[in-house]
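Read through the structure below, which is laid out as structure tokens, and then see the notes.
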Amino acid sequence: QVQLQASGGGLVQPGGSLRLSCTASGGIFNSVAMGWYRQAPGNERELVASITRGYITNYADAVKGRFTISRDNAKNTVYLQMNSLKPEDTAVYYCNYYPRDLGYWGQGTLVTVSS
């Protein structure tokens, strides 16, 4: 079974930056598109950004121009650089396959944007 381990979250002030990492163990990382998702309290999980195996990226309108997704296939890792963070970015962030997720989720990493 593929294991997804996200890390890098924390408390940051508005306007600050964080870099999230997610490493996949097992599976076929190099052959699939990956996505970063987030779930804020009381909200549905939503897609934030995706990257294909050919490094084509797409972003939700809410984060376009502020977040950058990247991947390192040698390390089975996908990253999310988050700049100009806003309080509304507060959520638990997860990575998973995209567009069809694995059917289960890792623990995610909590990002809190607050002064």
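Points to keep in mind about this one:
- Accessible surface for region 1-46, divided over its residues, is 54 Å² per residue with a 1.4 Å probe.
- Overall form of the chain per C-alpha gyration tensor (a/c, 1.5; a/b vs b/c): prolate
- Whole-number percent relative contact order across the chain, with pairs defined as alpha carbons under 8 Å at least 6 apart: 37
- Here the accessible area of the chain is 47 percent carbon and sulfur, with a 1.4 angstrom probe and all protein chains present.
The values are calculated or read from the model by the stated rules, or taken from the named source; none is laboratory data. Computed from a predicted structure; not experimentally measured. What goes into the accessible areas is simple: the full protein's heavy atoms, side chains included, and nothing from ligands, DNA or RNA. Shrake-Rupley method; radii C 1.70, N 1.55, O 1.52, S 1.80 Å.
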